[in-house]
């Protein structure tokens, strides 16, 4: 690598079309605390944070393939000692010796402290100039001009930082509204009554649910929890939501629905283990004519079916979707009585108590109207947050079977 480029005031590396690191300048290696042999031949994900890995896969790769370049993409690197380094990335794809090579320039965004130090230095220089009797007036003017320039640069950086913060908050708020808008409405008729509760721990949630009436007597109900929280998890929920909506509305067969969701997750991350996510999910197909429930629980907390005989748990019989290839998902069928009640939920509803605290809550209030029971569950979650200062995505569904 050219000596000037090797020690340039910014990171430089080249990638293969598949994201394999082909070269790196010394500036980037020192920033990351890696030696050249430690990263050459490695996938670019080795130096990305988890969120940057997903962003790279979903945005960088499509842009570089279509436009052959990427301008000012904000990402975060992760050094060998796990230190996060925010950077602006510019890239362009070139064909060299019949192979596509992607050249990347990475500029760290950590100028605030440098500008402040420069201001202090300029101020001391100005004070020293005033104290020296024989110092020329022009030297003082130069020092003052330098101070003004540094102040202007700092104000510009502050303005850009504030603008980025406001724009990011606005985009996250818009994404949250879109995510909540896609949630299905409750259902209430002579056969079934369904109520839902949904609350994200941050702007975006990794929990999602769906309620679908397939025909006069069949209803497909799903609740899903993606590993983790925030933007990466919410992207997965939005990705699978359109799929399970189409599958359930079309016929609703539990084995087909869960198998297709599992296949979708494996396809999404098949070439990127670092960005891999899995989901716990429980799906119920309720037939109000036959008075039966067909369900599959894949690694999700057990749902509860309350009837005159007591409370029955709809336990998991397979691992979460997206974990292992070739898992066989089997449907379990159980009958229900008129007047039974179902509760489905994600783990954020029960932590840190564990799911057993819901069973006495159901048992002690089995005659209460659904609305009152719903408020009691919400109150128990609020008390948990106050006592343990714990924040997690929360979602539950209450179903009365008439």
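The values are calculated or read from the model by the stated rules, or taken from the named source; none is laboratory data. Source: prediction; values computed, not measured. Every residue, glycine as well, gets a Cβ built from its backbone with ideal geometry; the counts of neighbours run over all protein chains shown.
The table for this structure:
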{"read-out": "Among (1) modelled with pLDDT of 75 or more; (2) out of contact with any strand residue (DSSP E or B) (no Cβ under 9 Å at 6 or more places or on another chain), the one test that residue 176 misses", "value": "(1)"}
{"read-out": "Index of the failed condition, residue 206 passing every other in (1) in the same structural domain as residue 288 (by TED's automatic domain parsing); (2) touching a helix residue (DSSP H, G or I) at 6+ places or on another chain (Cβ under 8 Å); (3) modelled with pLDDT of 80 or more", "value": "(3)"}
{"read-out": "Residue among 344, 314, 305, 386 that alone is out of contact with any helix residue (DSSP H, G or I) (no Cβ under 8 Å at 6 or more places or on another chain) and modelled with pLDDT under 85", "value": "386"}
{"read-out": "Search result, residues across segment 33-64 that are touching a strand residue (DSSP E or B) at 6+ places or on another chain (Cβ under 8 Å) and without any contact (Cβ under 8 Å) to a residue 12 or more places away in the chain", "value": "63"}
{"read-out": "Test: residue in segment 148-166 that is assigned to a strand (DSSP E or B), at pLDDT 70 or above and crowded, with 17+ Cβ neighbours inside 10 Å", "value": "no"}
{"read-out": "Qualifying position, being modelled with pLDDT of 75 or more and not assigned by TED's automatic domain parsing to the domain that holds residue 17, among 123, 83", "value": "123"}
{"read-out": "Residue 101, sole failed condition from (1) at pLDDT 95 or above; (2) in a loop (DSSP other than H, G, I, E, B); (3) surrounded by 15 or more Cβ atoms within 10 Å (Cβ to Cβ)", "value": "(2)"}
{"read-out": "Sole residue being crowded, with 16+ Cβ neighbours inside 10 Å, at pLDDT 80 or above and touching a helix residue (DSSP H, G or I) at 6+ places or on another chain (Cβ under 6 Å), chosen from 212, 191, 198", "value": "212"}
